[in-house]
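*Asks:* To start, I am sharing the structure in question, which I have written as structure tokens.
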Amino acid sequence: IACMQAVGFRDKAAGTPMTPDAIFRLASMTKPIVTVAALSLFEEGRLFLSDPVSKYIPAFKNQTVGLERVPAEREMTIQDLMRHTSGLTYGNRGTTEIYKMYPESSNSSSLTLTMDEFIERLSKAPLLYQPGTRWEYSLSTDVLGRVVEIVAGKPLAEVLAERVYRPLKMIDTTFLVPADKRARIAQPLPTHPDSGAEYKLADPTVQRKFDCGGGCAVSTAGDYTRFAQMLLNRGVLDGVRVLAPKTVELMTADHLGPI
């Protein structure tokens, strides 16, 4: 780190200035962390990128595609989850009937649904595309997070702490902000500066019904810099290796080609 400066407000409504240790909602920056955890299990031979998702979550067997419910030509794989070619989507990415069958996001649904209920809803919705044929930003990483839980035999929060946070000394990265750190949470502007619409973001001090790997973690700029530096260093930071160099090369390669 050559220079670090805090500007703006940590809480504009309260007039609280930004601080270097502010805790932010990571949103989809949660996804690479979950993928790193999954790839660490891949390195141990505990899951493979070519594995069908139904090997770990049987509900995803016999998927159908589109409102016509055409049978899937092949099953979605772990690689499909990692590269968003599973055929899944987000409910807020469109307005047609098929999008209405999906949760808008895991950020909101994890407050009202259990993991089992979330998976059941996803598995019963038709896929938007045949697996492996189109890229569609989606709830795939949330499903990947569930696969990680099943393979590791423990909650996603514990797996991430063991395999990513503690090795990299990411001391403020978690799903739930503890009481002694709540004053450091960065709050959004109360309303959108252009439209005036009210912002409603999930409260990271409220316990969720499941750990959503697609967008529910919180972290600091310093913590996430350590994660990014590990990837830049091809899997190692301060002498601690999280992934093998070849795995990082695999992770950062183009897996879409002409898709």
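*Asks:* Hand me the list of helices (runs of 4 or more DSSP H) wholly inside region 100-188 holding 2 or more residues that are free of Cβ contacts under 8 Å to residues at least 60 places away in the same chain.
*Replies:* 115-124, 156-160
*Asks:* Tell me whether region 31-49 contains one or more residues that are of a type in the set (A, V, I, L, M, F, W, C) and more than 23 Å from residue 153 (Cβ to Cβ).
*Replies:* No, every residue in region 31-49 fails to be of a type in the set (A, V, I, L, M, F, W, C) and more than 23 Å from residue 153 (Cβ to Cβ).
*Asks:* Just to be sure I understand, how many residues within region 64-97 are buried (at least 17 other Cβ atoms within 10 Å of the Cβ), of a type in the set (A, V, I, L, M) and in contact with a Ser or Thr (Cβ under 8 Å, 6 or more places away or on another chain)?
*Replies:* 6
*Asks:* Within region 84-109, which residues are among the small types (Gly, Ala, Ser) and at pLDDT 95 or above?
*Replies:* Of everything in region 84-109, those that are among the small types (Gly, Ala, Ser) and at pLDDT 95 or above turn out to be 86, 87.
Here is a yes/no grid of residues against (1) over 25 Å from residue 114 (Cβ atoms); (2) under 18 Å from the mean Cα position of the chain (by Cα); (3) aliphatic (A, V, I, L, M):
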{"residue": "132", "(1), (2), (3)": "yes, no, no"}
{"residue": "142", "(1), (2), (3)": "no, yes, no"}
{"residue": "157", "(1), (2), (3)": "no, yes, yes"}
{"residue": "179", "(1), (2), (3)": "no, no, yes"}
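*Asks:* Right, another one. In region 138-151, which residue that is open to solvent by 20 Å² or more (accessible area, probe 1.4 Å) and touching a helix residue (DSSP H, G or I) at 6+ places or on another chain (Cβ under 7 Å) is nearest to residue 214 (Cα to Cα)?
*Replies:* The residue in question is 146.
*Asks:* Filtering region 15-24 down to residues that are out of contact with any Pro (no Cβ under 8 Å at 6 or more places or on another chain) and either within 11 Å of residue 222 (Cα to Cα) or in contact (Cβ under 8 Å) with a residue 12 or more places away in the chain (or both), which residue is surrounded by the fewest Cβ atoms within 10 Å (Cβ to Cβ)?
*Replies:* Only one residue tops the list, namely 20.
*Asks:* Just checking, does region 193-215 include any residue being in contact with a strand residue (DSSP E or B) (Cβ under 9 Å, 6 or more places away or on another chain), at pLDDT below 95 and outside any loop (DSSP other than H, G, I, E, B)?
*Replies:* yes
*Asks:* Pick from region 1-49 the residues that are in a loop (DSSP other than H, G, I, E, B) and basic (Lys, Arg): which of them is modelled with the lowest pLDDT? Break it down into steps so the answer makes sense when it comes.
*Replies:* From region 1-49, those in a loop (DSSP other than H, G, I, E, B) are 1-8, 12-15, 18-22, 26, 44-49; that's our starting set.
With the extra rule that they be basic (Lys, Arg), the set shrinks to 12, 46.
On the way: 12: 92, 46: 98.
Per the criteria, the residue is 12.
*Asks:* Output the residues belonging to region 109-137 that are surrounded by fewer than 18 Cβ atoms within 10 Å (Cβ to Cβ) and either among the acidic types (Asp, Glu) or under 17 Å from residue 27 (Cα atoms) (or both).
*Replies:* Residues satisfying the conditions are 111, 116, 117, 120, 137.
*Asks:* Hey, does region 219-241 have a residue that's closer than 28 Å to residue 136 by Cα, part of a loop (DSSP other than H, G, I, E, B) and at pLDDT below 95?
*Replies:* Looking through region 219-241, none of the residues is closer than 28 Å to residue 136 by Cα, part of a loop (DSSP other than H, G, I, E, B) and at pLDDT below 95.
*Asks:* Additional query: From the set of residues in region 197-211 that are hydrophobic (A, V, I, L, M, F, W, C) and surrounded by 15 or more Cβ atoms within 10 Å (Cβ to Cβ), which is farthest from residue 108 (Cα to Cα)?
*Replies:* Once the filter is applied, the top-ranked residue is 210.
*Asks:* Which of the residues that make up region 230-252 are open to solvent by 30 Å² or more (accessible area, probe 1.4 Å) and over 19 Å from the mean Cα position of the chain (by Cα)? Even if it seems obvious, please write down each step before you answer.
*Replies:* Of region 230-252, the ones open to solvent by 30 Å² or more (accessible area, probe 1.4 Å) are 231-234, 236, 238-241, 244-246, 249-252.
Result: 232, 233, 234, 236, 238, 239, 240, 241, 244, 245, 246, 249.
*Asks:* Which numbered condition trips up residue 219, out of (1) buried (at least 20 other Cβ atoms within 10 Å of the Cβ); (2) closer than 27 Å to residue 150 by Cα; (3) out of contact with any Leu (no Cβ under 8 Å at 6 or more places or on another chain)?
*Replies:* For residue 219, the failing item is (3).
*Asks:* Report yes if residue 52 is under 26 Å from residue 190 (Cα atoms), open to solvent by 30 Å² or more (accessible area, probe 1.4 Å), touching a strand residue (DSSP E or B) at 6+ places or on another chain (Cβ under 7 Å) and of a type outside the set (A, V, I, L, M), otherwise no.
*Replies:* Judged against the criteria, residue 52 is not a match.
The values are calculated or read from the model by the stated rules, or taken from the named source; none is laboratory data. Because the structure is predicted, anything quoted here is derived from the model rather than measured. Heads up, the Cβs are rebuilt from the backbone with ideal geometry, glycines too, and the neighbour counts pull from every protein chain shown. SASA here: full protein model, heavy atoms, side chains in, ligands and nucleic acids out. Shrake-Rupley method; radii C 1.70, N 1.55, O 1.52, S 1.80 Å.
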